[in-house]
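Enquirer: Right, I'll just put the structure down here and ask away after.
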Amino acid sequence: MRTVLMWLFLPLLGLTACEKENRMDIQDLPAFVSDFINVHFGDQQIVRALREYEDYQIRYKVFLKNGVRLAFNPGGEMIEIAGDQMLPDSIIPGVILSFVSERYPTAYITGLELGNALQWAVLSNSLKLEFDRKGSFIRIVSAD
């Protein structure tokens, strides 16, 4: 019986090992992360930084004093950003920014997720919009 239980829980142990995050010193962040934050959030202080291993890939996660959370891949690309306030226009793909401005003039973008094939924008009115990689609107994913 012990052997059976061990074989049932062994794969779960492997899954938890795939997702691991480690705090890191802010000074140890790659230059591309610091540069991005200085350009787009120059007045904001980094309060926490993590090196995360997810699905066998490294991600750098950064938490700013104003509550904005960012994630970067090892190639230097920002792949995720979320917060409660309006994100700077300079980090939003132009096509998505134009679409949101035209269709939702009273809303603003509070989050972005940039995937390999799809992109998502979270709006201040709780809508989550899905776009293809070129920025063409696909659908409303959810309205919380």
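The values are calculated or read from the model by the stated rules, or taken from the named source; none is laboratory data. Small disclaimer: the values here were computed from a predicted structure and weren't measured. Heads up, the Cβs are rebuilt from the backbone with ideal geometry, glycines too, and the neighbour counts pull from every protein chain shown.
Enquirer: Tally the residues that are without any contact (Cβ under 8 Å) to a residue 24 or more places away in the chain and crowded, with 16+ Cβ neighbours inside 10 Å, restricting the search to the range 64-81.
Expert: Counting residues in the range 64-81 that are without any contact (Cβ under 8 Å) to a residue 24 or more places away in the chain and crowded, with 16+ Cβ neighbours inside 10 Å gives 1.
Enquirer: Related question: Does the range 120-140 hold any residues that are of a type in the set (Val, Ile, Thr) and more than 17 Å from the chain's Cα centre (by Cα), and which are they?
Expert: If the condition is that a residue be of a type in the set (Val, Ile, Thr) and more than 17 Å from the chain's Cα centre (by Cα), then Ile138, Ile140 are the ones that fit.
Enquirer: If you scan the range 108-144, which residues turn out to be more than 15 Å from Gly94 (Cβ to Cβ) and polar (S, T, N, Q)?
Expert: Thr110, Asn116, Ser124, Asn125, Ser126, Ser142
Enquirer: Still on this structure, please answer the following. How do the pairs read when you match residues in the range 123-144 that are at negative phi and surrounded by 11 or more Cβ atoms within 10 Å (Cβ to Cβ) with residues anywhere that are at pLDDT below 95 and among the polar types (S, T, N, Q), using Cβ under 7 Å and keeping only pairs 6 or more apart or on different chains?
Expert: Filtered contacts from the range 123-144: Lys128/Ser142.
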